[in-house]
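A quick write-up on the structure given underneath.
The values are calculated or read from the model by the stated rules, or taken from the named source; none is laboratory data. None of the values given here were measured: they were computed from a predicted structure. Glycine also receives a Cβ, built like all others from the backbone with ideal geometry; neighbour counts cover every protein chain displayed.
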Amino acid sequence: MIRYRSHREPDTVLRGRLRDLANERRRFGYRRLFVLLRREGEPSGINRIYRLYREEGLTVRRRRARRKAVGTRAPILVEARPNARWSLDFVHDQFANGQRFRA
């Protein structure tokens, strides 16, 4: 069996520059990175940039969705006598690895 062997030279320099730009600007997808590379004088087309972008495993980091309030909020009733209502207060912080906790 004979298979085609590609004679294309490796894109190590372009891959490295694409990876550097993607780490520098994490919210940029392959289209905006293509524009930055084009401004630097890279003659490659967008299909080639997209192929390298996918092969390197670069994707735009997904943002976590904001929590939405469930249901309608009821107004706080004013109590007639002192100490009739107790309130709890939460303190929250974040570890160095990004995990959050409440106390």
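May I ask you to list the residues in segment 42-64 that are in a loop (DSSP other than H, G, I, E, B), out of contact with any helix residue (DSSP H, G or I) (no Cβ under 7 Å at 6 or more places or on another chain) and among the polar types (S, T, N, Q)?
The one that is in a loop (DSSP other than H, G, I, E, B), out of contact with any helix residue (DSSP H, G or I) (no Cβ under 7 Å at 6 or more places or on another chain) and among the polar types (S, T, N, Q): THR59.
Answer yes if at least one residue in segment 68-79 is more than 23 Å from GLY98 (Cβ to Cβ), part of a helix (DSSP H, G or I) and either in contact with a Phe, Trp or Tyr (Cβ under 6 Å, 6 or more places away or on another chain) or basic (Lys, Arg) (or both), and no otherwise.
The answer is no, given that none of the residues of segment 68-79 is more than 23 Å from GLY98 (Cβ to Cβ), part of a helix (DSSP H, G or I) and either in contact with a Phe, Trp or Tyr (Cβ under 6 Å, 6 or more places away or on another chain) or basic (Lys, Arg) (or both).
Considering only residues that are of a type in the set (D, E, K, R), part of a loop (DSSP other than H, G, I, E, B) and loosely packed, with under 11 Cβ neighbours inside 10 Å, look in segment 1-25 and name the one that is farthest from the chain's Cα centre (by Cα).
Among them, the one singled out is ARG3.
Run ASP93 past the list (1) surrounded by fewer than 10 Cβ atoms within 10 Å (Cβ to Cβ); (2) within 19 Å of the chain's Cα centre (by Cα); (3) not in a loop (DSSP other than H, G, I, E, B) and report the number of the one that doesn't hold.
(2)
Enumerate the pairs (first residue in segment 84-100 and of a type in the set (Asp, Glu); second residue anywhere and at pLDDT 80 or above and part of a strand (DSSP E or B)) with beta-carbon separation below 7 Å, excluding pairs fewer than 6 apart on the same chain, so at least 6 apart or on different chains.
Qualifying pairs under 7 Å: ASP93/PHE101.
Yes or no: segment 30-51 includes at least one residue that is surrounded by 10 or more Cβ atoms within 10 Å (Cβ to Cβ) and touching a residue at least 40 places away in the same chain (Cβ under 8 Å).
no
Starting from segment 7-20, take each residue that is touching a residue at least 12 places away in the same chain (Cβ under 8 Å) and list its partners that are among the aromatic types (Phe, Trp, Tyr), counting only C-beta distances under 6 angstrom and pairs at least six apart or across chains.
Every condition considered, no pair remains.
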